[in-house]
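One structure below.
Values in this text are rule-based calculations from the coordinates and carry no lab data. Keep in mind that this is a model prediction, so the values were computed, not measured. Backbone-built Cβ (ideal geometry, glycine too); neighbour counts: all protein chains shown.
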Amino acid sequence: MKGWLFIIFALGVCLSLIAASGLRPSATRPVATFVPTPTTLPDDIVQQMIAQPNLALGAAVYAENCTACHGLEGRGDGPSVLSGGIKTPPPDFRQPTLMSVQTTQDIFAVISLGRLEKYMPPWERILPEAERWAVAAYVLELMRPAAP
């Protein structure tokens, strides 16, 4: 009998703590979402970065941070892919028709926010915004067909 009383008492304490914490069943509790803002620079500065991209900076940042997965030329054949560390290779930037993003702004958003379902990490808190814009412009250049 004492065992049952203890279980009922413990259950009552647990329910009291849950009620005091404000927790509700998940069906009625609103889900909080965090949507980071991918750009904080003024629009005129962003437009200037798009119109006159710093491709040298973009190439340097790309070489340092992106080649492990995307490869030197953006073919999705970086050392992490070739070694088997990444099972699903990233897209080949040289095949723009296969890309789901086509603008500097779209590429910037992917770089900033990532695509975790495709193993692309977010760089928003790692790379400064100007570097992310430069890399986005550089990736767009990789997507352009080579001149004959």
Inset, instruction - Provide the net charge surrounding Lys118, with neighbours chosen by a C-beta distance below 15 Å and charges set as Lys +1, Arg +1, Asp -1, Glu -1. - result: -1
Legend entry - Mean projected area (nm²) of the alpha-carbon convex hull when the stretch 43-143 is viewed from all directions: 6.0 nm²
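If I take every Cα pair under 8 Å that is 6 or more residues apart in the stretch 69-133, average their sequence separation and divide by the length, what percent do I get for the relative contact order?
Numbers: 74 pairs, mean separation 12.6, N = 65.
In percent, rounded to a whole number, it is 19.
Using R₀ = 22 Å, calculate the FRET efficiency as 1/(1 + (r/R₀)^6) where r is the Cβ-Cβ separation of Arg144 and Ala68; round to 0.05. Don't skip to the answer; put the middle values down first.
Details: r = 23 Å, r/R0 = 1.05.
The computed FRET efficiency comes out at 0.45.
Taking the Cβ of Leu72 as the center, what net charge do the other residues with Cβ under 15 Å away carry, scoring Lys and Arg +1 and Asp and Glu -1?
Its environment carries a net charge of -3.
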